[in-house]
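Notes follow once the structure below has been shown.
The values are calculated or read from the model by the stated rules, or taken from the named source; none is laboratory data. Quick caveat: nothing in here was measured; it's all calculated off a predicted structure. Methodologically, a virtual Cβ is constructed for each residue, glycine included, from the backbone with ideal geometry; neighbour enumeration extends over all protein chains shown. Note: areas computed on protein heavy atoms with side chains; ligands, DNA, RNA excluded. Shrake-Rupley method; radii C 1.70, N 1.55, O 1.52, S 1.80 Å.
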Amino acid sequence: MFGQMMDQPLLISSQISFAERFHADVEVVTRTVEGPIHRSTWGEVARRSRRLANALLKMGVREGDRVATIAWNTQRHLELYFAVSGLGAILHTINPRLSPEQLAYVVDHAADEWVFFDTTFVKLAEILAARPKSTVRGFVAMTDEAHRPASSIEGLLVHDTLLEAESDALVWPTFDERTASSLCYTSGTSGHPKGVVYSHRSTVLHSYAVTMTDTLALSAADVTLPVVPMFHVNAWGVPYACAMVGSKLVLPGPGLDGKSLTELVEAEGVTSLLGVPTVWANLLAHLASEGKKLGTVKKVVIGGSACPGTMIEAFEKGHNARVIHAWGMTETSPVGTVNVMLPEHEGMPWSEVLSYKLKQGRPMYGVDLRIVDDEGTELPRDGKASGHLQIRGPWVASGYFRQEGSDTHHDGWFATGDIATLDARGTMQITDRSKDVIKSGGEWISSIDLENAALACPGVQTAAAFGLPHPKWQERPMLVVVRAPGTELTANEVMSFLAGRMPRWWLPDAIEFVEALPIGPTGKVLKRTLRERFAGYVFST
Ligand code: AMP
């Protein structure tokens with residue numbers, strides 16, 4: 001027998017409709033790409049999203065079509081979140097830090113039909129527009145007519161002009177809650193970037209999860225500033241959750257430096273910040289240099305890379321703001337675990353609190369975690385055994401977009417590529433990473449691409465790239481090279497060869513020469529051994 005509850009699908013459009021009906025006056029504030037601060041409300045965002053949806057319908061956008069964005073955290077991006085997904089089309093948020101080759105790859109792979117871009121990224125849009133064969137039908141500059149960029153793009157449309165021509169009369173369509181809603185590519189695996197397709201159901205469930213008190217606790221009482229980009233896993237789901245709970249939302253646009261963020265926090269009375277450690281390192285350095293305090297901020301959510309103890313201490317002791325350390329992945333929507341204190345931690349000395357807070361936290365209800373050994377046998381949850389971390393749940397990807405089979409999915413579990421311990425209460429601590437990638441400033445660098453580029457350098461016999469801890473960027477790449485016999489290759493020569501062959505921020509911070517690389521039983525280079533060998537290495541930059 002089925003229950004007799006209304007069978008209403010969990011759709012993203014219901015979040016913006018709810019925001020309009022029940023907290024229409026709550027503010028949405030943006031530092032615009034054009035410069036000034038723009039003040040709006042959830043009510044206006046809802047109306048503008050419907051006008052944009054009407055424009056998209058005229059542009060021929062239909063259920064399942066892909067609409068791409070290359071954009072900062074702004075109100076126009078927020079409108080696209082609701083308009084595109086609300087129609088049953090798929091919002092493909094592109095990371096503007098991708099190399100031009102990767103950018104073209106993801107647009108082709110996704111078969112994007114329209115590309116909306118912030119004027120900051122006009123050059124990227126032009127690269128895409130200049131390609132002879134493409135699925136892209138047109139480009140839209142996310143600005144108003146007065147700021148239309150001078151561009152070679154034929155038939156370039158302008159976001160606000162599209163809206164001005166439309167009415168806000170639209171009834172959001174109803175469809176299956178498992179319909180795809182958005183798409184985000186991750187470079188956090190080897191090979192080409194892989195697409196993760198979120199659904200309406202996964203997005204709404206994840207939104208509920210991040211509003212729970214013992215998770216990120218997003219609330220109507222908060223003024224929320226997500227510094228985490230809207231192109232990176234939907235800004236950790238914050239825009240959806242804020243619409244749901246009616247939190248004032250403050251969007252930083254392109255102003256991610258310490259000074260701009262401080263100004264916004266002070267002017268808008270921000271209480272809740274979310275972002276990666278690199279952003280916070282800049283903010284803390286700015287506050288220290290100005291002798292300022294984060295007056296209104298009550299909590300800072302830190303994730304995307306391990307959160308350093310000094311950062312936790314600086315926020316909690318120096319600025320009286322609670323740090324919530326969280327772990328997640330593009331494949332997990334992203335939040336999987338959150339570190340919040342439990343009753344048994346009451347009265348704990350600060351040194352112990354700090355060592356607890358360095359852990360990645362406990363799973364949110366909805367996701368399940370386990371650790372396994374190399375053979376896939378589950379390991380004990382004793383806080384000591386360390387193994388391959390696997391996760392499952394309704395907001396965890398079951399595979400990658402347009403990819404048959406997967407070496408990351410086993411018996412209904414997703415293998416994260418992180419190595420971790422779990423204790424009896426589910427507290428997870430990452431101890432290492434088995435996936436062959438480097439995460440610098442919250443963004444991925446492919447060690448394989450770096451190695452392939454190095455191998456093409458005359459005089460390089462073999463090479464291995466791996467990440468080493470860095471005080472500012474959390475991790476920076478190091479390249480270890482074995483010279484071809486009889487050559488006198490120098491680090492400068494390798495560096496000059498690599499420059500221009502990859503984005504500048506991918507270039508290794510150090511190049512060292514070795515006699516041979518450590519090789520494991522299956523013939524793979526043992527990156528872990530290399531990381532151990534170079535532990536404590538001090539980069540000169
Ligand atoms: P992404 O898919 O780009 O969000 O990256 C996900 C990966 O970032 C994870 O698999 C981890 O390797 C890393 N990561 C995310 N959050 C944390 C954290 N709190 N501590 C350590 N590593 C993290």
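When all protein chains stay in place and ligands, DNA and RNA are ignored, the 1.4 Å accessible-area order of Thr74, Thr174, Thr431, largest first, is Thr174, Thr431, Thr74.
Report, in deg cm²/dmol and to the nearest 500, the calculated mean residue ellipticity at 222 nm for the chain, where each DSSP H run with n ≥ 4 adds -39500 (n - 2.57) and the sum is divided by the residue count. The partial results should precede the final answer.
Numbers: 16 runs with 151 residues, N = 541.
That comes out to -8000 deg cm²/dmol.
Here region 39-79 and region 289-347 have alpha carbon centers that stand 32 Å from each other.
Computed over protein heavy atoms with a 1.4 angstrom probe, the accessible surface ordering of Asp449, Asp411, largest first, is Asp411, Asp449. Roughly how much of Trp506 is accessible, in Å² to the nearest 10, using a 1.4 Å probe? Looks like 10 Å² after rounding. Across Lys527, Lys123, Lys259, Lys384, the residue with the most accessible area heads the list, and the full order at a 1.4 Å probe is Lys384, Lys123, Lys259, Lys527.
Which pairs, out of Lys384/Lys472; Lys292/Lys472; Lys194/Lys472, put more than 25 Å between their alpha-carbon atoms? Pairs exceeding the cut-off: Lys384/Lys472; Lys194/Lys472.
For region 1-66, chymotrypsin sites (Phe, Trp or Tyr not before Pro) are listed when DSSP marks them as loop and at most 14 other Cβ atoms sit within 10 Å of their Cβ; the list is Phe2. Shown here for region 1-93: trypsin sites (Lys or Arg not before Pro) in loop regions (DSSP other than H, G, I, E, B) with at most 15 other Cβ atoms within 10 Å, namely Arg62. Looking at the chain, the accessible area is 42 square angstrom per residue; that uses a 1.4 Å probe and ignores ligands, DNA and RNA. Centroid-to-centroid, using Cα positions, region 404-425 and region 256-284 are 33 Å apart.
Of the residues Ala141, Val204, Trp172, the one whose Cα sits farthest toward the positive end of the charge dipole of region 97-250, with +1 on the Cβ of Lys and Arg and -1 on the Cβ of Asp and Glu, is Val204.
Expressed as a whole percent, the accessible area of the chain that falls on carbon and sulfur atoms is 53 (1.4 Å probe). Where both bridge residues fall in the chain, DSSP classifies roughly 60% of the beta bridges as antiparallel.
How charged is the neighbourhood of Leu354? Take every other residue with its Cβ under 15 Å from the Cβ of Leu354, and add Lys/Arg as +1 and Asp/Glu as -1. Intermediate results must be reported in sequence, preceding the final value.
Numbers: positive: Lys317, Arg322, Lys357, Lys359; negative: Glu313, Glu316, Glu352.
The answer is +1.
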